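Presented below is the structure to which this report refers.
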Amino acid sequence: MEKYIDIIKNSYLGYWNYLKHELVNLNHWDNYFYGLIVISLAVWLLEIVFPWRKKQGLFRKDFWLDTFYMFFNFFILNLIILIALSNTVAEFLNDGLASVGLSLSSFQLFDSTQLPKWLGLLVFFLVNDFVQWNTHRLLHRVPWLWNFHKVHHSVKEMGFAAHLRYHWMEPVVYNSIRYIPLAIIANYSSQDVAIVYFFSIVIGHINHANLGWDYGVLKYIFNNPKMHIWHHAKELPKHVSYGVNYGLTLSLWDYIFKTAHIPHDGRDIELGFAGDETFPKDFISQELYPVFSRQQESTE
């Protein structure tokens, strides 16, 4: 038990020192804090120059709420819980495997770090994105997970910062499910992962931005604003009532598994979900919503 307590303490201290380092050091390209700011400003500028919905305000509905979510989920949430939880669970899993004479390396299919760098990172990216696509489907199909995911779908006007409006429980689910698949293919450095991460942030920001792009023939590979707008549609046909277009960075999986749905130009469709009129409008209430909604359900 003492070992786990030390892991938690060191996780908090380590991430706090890392965050301070990110804020004061601008001399490395993989600075997540300023990288997020640069990407966000660049995509916001694209929204201003090439707006798809001409009547949508420059500071759209919930612009500042989503901006707060963006920095909270990207940095503060890691400090509060995610890093300590992730490190503790990883050590617990390793100890459990060791108790039966195994380790994660025992399940390693291959070491993608032994491949040429570009090919290894491509494998890492594809596996990561496919696991996330499946996890995203679960968030829509499992009722108690959907209660958390409603926070993201409460967006009523799309803009780049809506990308990172999500409940704190979502990264716990995503990281838990993808930990083993990624661990059994490779162990990449933080700079290697940063390449994939920054690319995913750019695509995710653009997907949620007020832009009318679909990338032409590349729309069958990469998720895009004209596709992702339908993922946020309030009304969908009954045969796709659980949702469509689950891709995060890639649209490829939706076309392969026939969950792609773009019936027409969705520029002006209503966004949200059934009953979103009563969904909380502020950060604290949205974070607490899954708890109180389950309590309400149990008393009905």
- Item | Hey, residue 268 in contact (Cβ under 8 Å) with a residue 60 or more places away in the chain, part of a helix (DSSP H, G or I) and either acidic (Asp, Glu) or surrounded by 14 or more Cβ atoms within 10 Å (Cβ to Cβ) (or both) or not | no
- Task: Output the residue which, of all residues in the range 230-252 that are hydrophobic (A, V, I, L, M, F, W, C) and more than 16 Å from the chain's Cα centre (by Cα), is nearest to residue 276 (Cα to Cα).
- Result: 233
- If the Cβ limit is 7 Å and pairs must be 6+ apart or interchain, which residue in the range 117-128 that is touching a residue at least 40 places away in the same chain (Cβ under 8 Å) pairs with which residue that is of a type in the set (Lys, Arg)? 128/178
- Condition set of a type in the set (Gly, Ala, Ser) and within 26 Å of the chain's Cα centre (by Cα), scope the range 86-132, selection surrounded by the most Cβ atoms within 10 Å (Cβ to Cβ): answer is 112
- From the residues in the range 177-235 that are polar (S, T, N, Q) and touching a residue at least 12 places away in the same chain (Cβ under 8 Å), which one is nearest to residue 59 (Cα to Cα)? 210
- Item | Test for residue 92: is it in contact (Cβ under 8 Å) with a residue 24 or more places away in the chain and not in a helix (DSSP H, G or I) | no
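Read the figures in this text as sums done on the coordinates, not as results from a lab. Fair warning: this is a prediction, and the values are worked out from it, not measured in the lab. As a convention, Cβ positions derive from the backbone with ideal geometry for all residues, glycine included, and neighbour counts pool all protein chains shown.
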